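Inspection log for the structure reproduced underneath, given as structure tokens.
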Amino acid sequence: MADNNNNSEAGFLRRAFGVFSYSRRAMELVWTTSKPLTIALALLTLIGGVLPAVIAYVGQLIVDGVVAASQSDDPDTRGVLILVGLEALVVVAVAATQRGISASQSLLRALLGQRVNVMILEKALTLELAHFEDSEFYDKLTQARREASSRPLSLVTRTFGLVQNAISLTSYSILLFAFSPWAVLILIVAGLPSFFAEAKFSGDAFRLFRWRSPDTRMQMYLETVIAREDGVKEVKLFQLGPRLLQRYREIFKKLFVEDRRLTIRRDTWGFILGLVSTAALYGAYGWIVVTTIAGAITLGAMTMYLVLFRQGQSAVSAILTAVSGMYEDNLYLSNLYEYLEQPVPARQGNALTGPHPARGLEFENVSFSYAGAEQNALNNISLQVKPGESLALVGENGSGKTTLIKLLTRLYEPTAGKILLDGLDLKEWDVETLRQRVGVIFQDFGRYQFSVGENIGAGDVRYIDDKARWESAAQTGLAAPFIEDMPNGYETQLGRWFKGGRELSGGQWQKIALSRAFMRSDADILVLDEPTAAMDASAEAEVFDHFRKASDKKMTILISHRFSTVRAAAKIVVMHQGEILEQGDHASLVAKDGQYAHLFRLQAQGYQ
């Protein structure tokens with residue numbers, strides 16, 4: 001039993017000291033963010049640590065000088081006034097030091113907050129789509145963004161504060177040692193109980209923070225749904241507001257119960273253990289007073305020792321609180337570095353061309369399963385699209401059509417089988433070169449709160465500021481007519497998030513997204529995932545007329561539920577539950593009288 005306790009204690013100590021490993025990394029981060037500010041903060045901290053002891057010592061000299069002058073027939077008033085002036089100068093120096101420390105911390109906070117946020121976003125750019133669809137990893141990202149941008153500076157500030165208070169305590173101890181070494185020991189030991197309690201509750205607070213991250217994220221999501229324009233229409237129309245707000249309140253109540261329990265325990269123990277420090281202070285107070293009455297020390301010395309003991313106790317408390325705070329900061333920084341060190345599979349491919357361009361795009365026995373899913377999203381898919389050919393994918397929602405496109409663009413890797421472009425496995429292609437060959441509009445395309453031109457230009461970042469390409473892509477995507485009617489044309493701000501922004505209809509947004517896909521004029525693979533779902537019939541017909549003309553020599557993949565659209569494709573693939581059910585052209589599939597013919601007749605009845 002004793003061995004188990006010892007192991008448990010040893011494990012706790014290893015974790016407690018191991019977590020401080022992030023202190024060095026935080027210091028390096030602050031140092032590389034701004035060396036001049038870090039040096040200034042360090043120097044001011046050192047100066048600020050010595051000056052309080054100087055004030056206490058000069059204070060003793062003043063009191064003793066006053067006592068001596070009052071008992072002298074020829075008082076040295078000038079000498080006492082000089083000491084008063086000296087103390088005033090030291091107090092001014094302390095104030096200047098504190099202001100300098102505050103200014104350095106404020107500037108470092110701004111620089112460091114920006115740098116850490118950039119590090120978080122840079123890491124996000126290297127992650128795979130699967131990372132963002134993993135709820136546990138998304139919690140890590142949320143935790144890192146919420147706390148980690150402020151924690152490195154907090155850790156460094158506490159470290160400098162610890163150094164400052166340690167210097168002050170050392171100087172106090174040197175002066176107190178002249179009174180009694182036992183006074184120094186009492187000063188230090190009296191603060192330990194509060195420290196251990198604070199460290200324990202800091203760990204509890206951190207574990208609570210991590211445990212409730214999904215609830216906190218749900219609260220943030222509810223705020224977004226209730227208060228953002230893309231959700232407010234349905235919230236009002238469906239009268240969801242009171243229910244969502246009630247859910248928001250219930251989550252808060254659940255979190256508050258834990259917060260209240262921890263706060264009460266923390267403050268109760270803090271008060272009880274704080275009484276130890278208070279008892280030590282007044283015990284020493286009585287000791288010093290009795291010693292003064294006995295004539296062993298002067299009145300000035302008594303004043304100095306009382307000040308030293310009180311300030312020394314504050315320094316001990318500040319040191320222990322800083323250590324406890326550093327422990328807490330290290331715990332939170334572990335979130336940041338766990339996120340930044342998240343392993344990302346290395347992209348091995350570097351090929352820029354393939355050996356057989358005439359073979360086009362090939363799927364060979366491709367299967368794919370999402371993480372944690374019990375069934376495959378795709379099963380044994382085999383198909384081919386050659387240059388100049390068009391392929392249409394049809395099937396019910398969830399049949400795997402969009403997943404197929406995600407594999408083509410290497411947002412995911414196949415679980416089994418392989419995909420080839422120009423006779424070369426996609427894994428061997430340089431991923432940026434591959435993606436430049438693909439122009440795509442997803443069903444859930446982005447509606448960026450940028451200008452019209454930037455919304456279109458985003459389709460090819462190489463030419464994102466090229467106005468001539470904007471206009472050409474907008475003509476192909478049929479967005480040009482309504483863009484030209486806008487007061488500021490391609491400079492018009494879209495969305496309602498920023499002043500002067502203009503909201504578009506669903507069909508207009510879809511044409512903007514379609515134009516974005518056409519920005520890649522050199523792309524030889526065009527993928528349109530439900531590109532006209534929000535358009536009327538005449539606009540749809542016009543879009544696909546333009547599409548066929550613009551993609552005459554390209555490989556085109558179209559996903560649509562409208563058979564009036566897909567029937568013109570050279571090859572149609574019918575998908576069901578991740579498998580290919582049928583494939584052929586429109587005429588052969590209708591003649592086959594299978595699933596495609598059934599769906600075609602159902603849709604045709606709606607127009608009769």
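The values are calculated or read from the model by the stated rules, or taken from the named source; none is laboratory data. All figures in this text were calculated on a predicted structure; none of them were measured in a lab. Positions of Cβ are backbone-derived with ideal geometry, glycine not excepted, and every protein chain shown enters the neighbour counts. The area values use the complete protein model at the heavy-atom level, side chains included, leaving out ligands, DNA and RNA. Shrake-Rupley method; radii C 1.70, N 1.55, O 1.52, S 1.80 Å.
Do we have Ser317 as within 30 Å of Glu136 (Cα to Cα) and crowded, with 16+ Cβ neighbours inside 10 Å here? Criteria not met by Ser317.
Residue-wise test of (1) over 35 Å from the mean Cα position of the chain (by Cα); (2) modelled with pLDDT under 90; (3) aliphatic (A, V, I, L, M).
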{"site": "Ala458", "(1), (2), (3)": "no, yes, yes"}
{"site": "Ile464", "(1), (2), (3)": "no, yes, yes"}
{"site": "Asp485", "(1), (2), (3)": "yes, yes, no"}
{"site": "Arg502", "(1), (2), (3)": "no, yes, no"}
{"site": "Gly507", "(1), (2), (3)": "no, yes, no"}
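Picking from Leu255, Leu273, which residue would you name as being modelled with pLDDT of 75 or more and surrounded by 12 or more Cβ atoms within 10 Å (Cβ to Cβ)? Of the residues listed, the single one that is modelled with pLDDT of 75 or more and surrounded by 12 or more Cβ atoms within 10 Å (Cβ to Cβ) is Leu255. Can you name every residue in the stretch 337-347 that is assigned to a loop (DSSP other than H, G, I, E, B) and surrounded by 10 or more Cβ atoms within 10 Å (Cβ to Cβ)? Scanning the stretch 337-347 gives Gln342, Val344, Arg347. Consider Ala301 carefully, then state whether it is surrounded by fewer than 16 Cβ atoms within 10 Å (Cβ to Cβ), closer than 30 Å to Ala69 by Cα, hydrophobic (A, V, I, L, M, F, W, C) and modelled with pLDDT of 75 or more. No, not satisfied. For the residues Arg447, Arg469, the requirement of being basic (Lys, Arg) and under 13 Å from Met519 (Cα atoms) singles out Arg469.
Collect the residues in the stretch 361-399 that are open to solvent by 10 Å² or more (accessible area, probe 1.4 Å), in a loop (DSSP other than H, G, I, E, B) and more than 28 Å from Asp552 (Cβ to Cβ), keeping them in residue-number order. Ser369, Tyr370, Ala371, Gly372, Ala373, Glu374, Gln375, Asn376, Ala377, Glu396, Asn397, Gly398 - these are the residues of the stretch 361-399 that are open to solvent by 10 Å² or more (accessible area, probe 1.4 Å), in a loop (DSSP other than H, G, I, E, B) and more than 28 Å from Asp552 (Cβ to Cβ).
Report whether or not Val91 is open to solvent by 30 Å² or more (accessible area, probe 1.4 Å), under 52 Å from the mean Cα position of the chain (by Cα), closer than 26 Å to Ala178 by Cα and not acidic (Asp, Glu). When the stated conditions are applied, Val91 passes them. Scanning the stretch 106-165 for residues that are under 18 Å from Met27 (Cβ atoms) and β-branched (Val, Ile, Thr) gives Val116, Val156, Thr157, Thr159, Val163.
In the stretch 473-509, the residue that is nearest to Leu526 (Cα to Cα) out of those that are outside any loop (DSSP other than H, G, I, E, B) and open to solvent by 70 Å² or more (accessible area, probe 1.4 Å) is Gln475.
Within the stretch 12-43, the set of residues being under 20 Å from Glu338 (Cβ atoms), at pLDDT below 75 and part of a helix (DSSP H, G or I) comprises Arg14, Arg15, Ala16, Phe17, Gly18, Ser21, Tyr22, Ser23. Looking only at residues in the stretch 411-469 that are of a type in the set (Asp, Glu) and buried (at least 17 other Cβ atoms within 10 Å of the Cβ), the one that is farthest from Glu362 (Cα to Cα) is Glu454. Looking only at residues that are in a strand (DSSP E or B) and in contact with a Lys or Arg (Cβ under 8 Å, 6 or more places away or on another chain) in the stretch 564-586, which one is most open to solvent (accessible area, probe 1.4 Å)? The selected residue is Gln583. Which condition breaks for Gln246 when tested against (1) farther than 25 Å from Ile188 by Cβ; (2) open to solvent by less than 60 Å² (accessible area, probe 1.4 Å)? Result: Gln246 fails condition (2) only. Kindly indicate whether any position in the stretch 276-284 is farther than 30 Å from Asp64 by Cα, out of contact with any strand residue (DSSP E or B) (no Cβ under 9 Å at 6 or more places or on another chain) and either touching a residue at least 60 places away in the same chain (Cβ under 8 Å) or part of a helix (DSSP H, G or I) (or both). Yes, that holds for at least one residue.
Residues checked against (1) more than 21 Å from the chain's Cα centre (by Cα); (2) under 19 Å from Ala42 (Cα atoms); (3) part of a helix (DSSP H, G or I):
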position	(1), (2), (3)
Asp64	yes, no, yes
Ser72	yes, no, no
Leu83	yes, no, yes
Ala103	yes, yes, yes
Ile120	no, no, yes
Leu153	no, yes, yes
Thr159	yes, yes, yes
Ala166	yes, yes, yes
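Residues of the stretch 543-550 include none that is at pLDDT 85 or above, open to solvent by less than 60 Å² (accessible area, probe 1.4 Å) and touching a Ser or Thr at 6+ places or on another chain (Cβ under 9 Å). Restricting the first member to the stretch 578-589 and to residues that are of a type in the set (A, V, I, L, M, F, W, C), and the second to residues that are loosely packed, with under 15 Cβ neighbours inside 10 Å, the beta-carbon pairs closer than 9 Å and six or more apart or on different chains are Ile580/Ser382; Leu581/Gly594. The single residue among Leu51, Leu107, Leu46 that is in a helix (DSSP H, G or I), in contact with a helix residue (DSSP H, G or I) (Cβ under 8 Å, 6 or more places away or on another chain) and open to solvent by less than 70 Å² (accessible area, probe 1.4 Å) turns out to be Leu51. Residue-level analysis places Gln98 outside the set of residues that are in contact with a Gly (Cβ under 9 Å, 6 or more places away or on another chain), in a helix (DSSP H, G or I) and modelled with pLDDT under 80.
Do we have Val289 as open to solvent by less than 70 Å² (accessible area, probe 1.4 Å), at pLDDT below 80 and either more than 30 Å from His576 (Cβ to Cβ) or of a type in the set (Gly, Ala, Ser) (or both) here? Taking the combined requirement at face value, the residue does not satisfy it. Please tell me if Tyr448 is of a type in the set (Ser, Thr, Tyr), over 24 Å from Thr433 (Cβ atoms) and part of a helix (DSSP H, G or I). No: the conditions fail for Tyr448. Against the conditions (1) over 35 Å from the mean Cα position of the chain (by Cα); (2) outside any helix (DSSP H, G or I); (3) not basic (Lys, Arg), Ala358 satisfies every one except (2).
Take the conditions of a type in the set (A, V, I, L, M) and buried (at least 21 other Cβ atoms within 10 Å of the Cβ) and apply them to Leu306. Does it pass? Criteria not met by Leu306.
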